[in-house]
1. Among the residues of the range 17-45, which ones are among the small types (Gly, Ala, Ser) and either more than 13 Å from the chain's Cα centre (by Cα) or modelled with pLDDT under 90 (or both)?
2. Collect the residues in the range 60-92 that are hydroxyl-bearing (Ser, Thr, Tyr) and at pLDDT 75 or above, keeping them in residue-number order.
3. Could you list, in sequence order, the residues of the range 32-65 that are assigned to a helix (DSSP H, G or I) and exposed (fewer than 12 other Cβ atoms within 10 Å of the Cβ)?
Amino acid sequence: MFILEFIFNDPILAFVVGPLLAVAVYKIQLLLCRKVKHLHIKLIPMYLFAALFVFVTLLYTGAFPGQSAGLANVNELVALILAIAFGIPFIGVCAAWLVHWRATQQA
């Protein structure tokens, strides 16, 4: 929750927090791909990002009531910031799978 409060205080920090999370998630996913044998455990970060995608999509479409008097589309703004903050680390997961796939193709 601290990260979200940190991002919402200054939304431009999403562009700093995102790449840092991307590197961390990349390393975790690559470690999972190389060390774990069960596919379902390797896919845990993908499951989490799928759940976040569903949450952001529901938030963007207005499934959760939360209109403020000053901002008519506050749900869309929050969904956009979350999409940036969590979309960039998703690229890290995809990159780890790509590196793992290339390593298994060459071996």
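The values are calculated or read from the model by the stated rules, or taken from the named source; none is laboratory data. Quick caveat: nothing in here was measured; it's all calculated off a predicted structure. Quick reminder, even Gly has a Cβ in these numbers, built from the backbone with ideal geometry, and neighbours come from all protein chains shown.
1. Taking the range 17-45 as the starting set, the residues that turn out to be among the small types (Gly, Ala, Ser) are 18, 22, 24.
Listed by number, the residues that qualify are GLY18, ALA22.
2. Within the range 60-92, the subset hydroxyl-bearing (Ser, Thr, Tyr) is 60-61, 68.
Listed by number, the residues that qualify are TYR60, THR61.
3. So the first thing to find is which residues in the range 32-65 are assigned to a helix (DSSP H, G or I), and the list is 32-35, 39-42, 44-61.
Across the range 32-65, the qualifying residues are LYS35, LEU39, HIS40, ILE41, TYR47, ALA51, VAL54, THR61.
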